[in-house]
Each structure stands twice: as structure tokens, then as C-alpha cells.
Amino acid sequence: MKDEGVGVTKQDEALLYTYTAPEDITIDSIGHYDSVATISFEEAVFPLTLKRGQSADVFIHEPYKLSSHDELLLEITTTKDQSFTKHFRLTQSIPKGYLKQIANEANDE
């Protein structure tokens, strides 16, 4: 959905997303789809318990593999098996060699 996109900021060579808990929550895992990027966290140990209003920083490191809508889907799973998804709008330029990679993948099929 158009209004599901969340903002990210560029920090050094990574994208930074800050997740703010809408309620008291215990996060079991944070993962992603449609990308070969790696994720790291600053001072986060899982399961991660956040009180309402507390936040956790999620760093997404290159290489980004953009989906068909130039977004990366992040999934946050709680210990109560609730799942939240966030679509990152990647507004920076396409990574070097990305179009060549897509063409090569298409030719391999």
C-alpha cells in the first residue's frame, strides 16, 4: 500500500530505520525479504523488550537488492507470534551493477 512505506535515513554506508513500539512489546526477531542486504542492531539483544514509545535502531547494510517497487520488506515478529511488516522506500540511486545483475538473472532463467 502506498501509505505503508516508512522512511529511512542514510548513515555512512547503511540505511537506518528506527522502530518505535506502539505498545509494550517483546520482539523475537527482525528479518527482511527481497534483499541480499544484511541487518544489524545497536545495543539490541533478542528477545528485545520495549515499553510503549521506546525504540530500536535497525541498520540495513549493502548490497541492497531492490524489489519490483524499489522497496525492502522488513518483518518484525513478537514473542506472541504477532507480525508487523514495514516497507522501506529506498529513495537513493540504484546500486552500481544492479541493472546488469537483473539482466544476468533474467538470461539464466
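The values are calculated or read from the model by the stated rules, or taken from the named source; none is laboratory data. All values reported here derive from a predicted model rather than from experimental measurement.
Could you check, for the stretch 56-71, whether at least one of its residues is in a loop (DSSP other than H, G, I, E, B), at pLDDT 85 or above and of a type outside the set (S, T, N, Q)?
Filtering the stretch 56-71 down to residues in a loop (DSSP other than H, G, I, E, B) leaves 62-70.
Keeping just the survivors that are at pLDDT 85 or above gives none.
The answer is no, given that none of the residues of the stretch 56-71 is in a loop (DSSP other than H, G, I, E, B), at pLDDT 85 or above and of a type outside the set (S, T, N, Q).
For the stretch 72-100, a residue qualifies if it is at pLDDT 70 or above and in a loop (DSSP other than H, G, I, E, B), and the qualifying residues are T79, K80, D81, Q82, G97.
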